[in-house]
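**Q** Encoded as structure tokens, here's the structure I'll be asking about.
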């Protein structure tokens, strides 16, 4: 539960505007940047998203020489590449990146790291903040149709202005998180005639922010709860619709203590669709034989990890926290090596 929703000030008038205060603090902090002598060691950071930038700036301010490896052609991670501009504008991420560079942080763009362990030969420690970039599959017939695309691909193209108008199109979004709402709201903004979000659980189980849900519905997005796609139907190799089945919540619980949805036999139906966008989660491209221990250290000496890679999909705030926490652990690690 986020603290603003529980703020007791709301019993008087309005809760403290935490996000707006954070925004002001960021804009003010950029004027306070003073590079510090880098004498504590060298650290590589893989990924320039919120966790990577947070870790890098915290370490740089402690006197650590930092090099960030970013595989894309621009820094900032998901906030600058795929979160819609109506949620996070480029000016916000530009401030963070500019502040990091002002602290002496080097950012190497178009730099892919195949194995984080190889960097340990050149650096005293490595922080892995690669996020999650592999889309999970639904594993249903028709998923490989050209009109079935992933959320990240759609959002990245939309943010870059590479998505053509969706005027007159019927768009189906599959998912039940904030990313699915971003996709749905963006599709509506691009002129789709109809946007429907399919979610296999009930309204009580959907894991989204209320403000994002309200924004999507304000844009005309319709949500089909307890509905699961079982096939993307096609005609002559082109998407025609989404075959769905109604669901019910069983008494069995999953690992998150939510009731497991089960299909109701005989309730199949088809929704016409021109485009389907899947937003059912992401996975890491890196090996999972690296295990995180206390302080975001891993089972590999000198290798630290955080952000979505280590914790799973989360918020920008959680990623920033991981970056700062990892930086403090890395500082302790470097000081111990010097002794």
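**Q** Output the residues belonging to the stretch 89-118 that are more than 18 Å from residue 57 (Cβ to Cβ) and surrounded by fewer than 22 Cβ atoms within 10 Å (Cβ to Cβ).
**A** Once the filter is applied, which keeps residues that are more than 18 Å from residue 57 (Cβ to Cβ) and surrounded by fewer than 22 Cβ atoms within 10 Å (Cβ to Cβ), the stretch 89-118 yields 89, 90, 110, 111, 112, 113, 114, 115, 117, 118.
**Q** Can you confirm whether the stretch 269-283 contains a residue that is more than 30 Å from residue 234 (Cβ to Cβ) and either in contact with a helix residue (DSSP H, G or I) (Cβ under 6 Å, 6 or more places away or on another chain) or modelled with pLDDT under 90 (or both)?
**A** The answer is no; no qualifying residue exists.
**Q** Go through the stretch 118-166 and report how many residues are in a loop (DSSP other than H, G, I, E, B), more than 19 Å from residue 281 (Cα to Cα) and assigned by TED's automatic domain parsing to the domain that holds residue 50.
**A** 5
**Q** Considering only residues that are part of a loop (DSSP other than H, G, I, E, B) and surrounded by fewer than 22 Cβ atoms within 10 Å (Cβ to Cβ), look in the stretch 49-81 and name the one that is farthest from the chain's Cα centre (by Cα).
**A** 63
**Q** Give 266, 241, 307 a once-over and let me know the one that is touching a helix residue (DSSP H, G or I) at 6+ places or on another chain (Cβ under 9 Å) and either closer than 30 Å to residue 80 by Cα or without any contact (Cβ under 8 Å) to a residue 40 or more places away in the chain (or both).
**A** Matching residue, one of 266, 241, 307: 307.
**Q** Might you let me know whether the stretch 37-48 holds any residue that is in a helix (DSSP H, G or I), surrounded by fewer than 17 Cβ atoms within 10 Å (Cβ to Cβ) and modelled with pLDDT under 80?
**A** If we filter the stretch 37-48 for residues that are in a helix (DSSP H, G or I), which is where we start, we get none.
No, that holds for no residue.
**Q** Then there is this: Applying the selection to the stretch 216-230, what residues are surrounded by fewer than 18 Cβ atoms within 10 Å (Cβ to Cβ) and either in a helix (DSSP H, G or I) or in contact with a helix residue (DSSP H, G or I) (Cβ under 6 Å, 6 or more places away or on another chain) (or both)?
**A** 217, 218, 219, 220
The values are calculated or read from the model by the stated rules, or taken from the named source; none is laboratory data. This structure is a prediction, so every number in the text was calculated from the model and none was measured. Please note: Cβ atoms are built from the backbone with ideal geometry, for glycine as well, and neighbour counts cover all protein chains shown.
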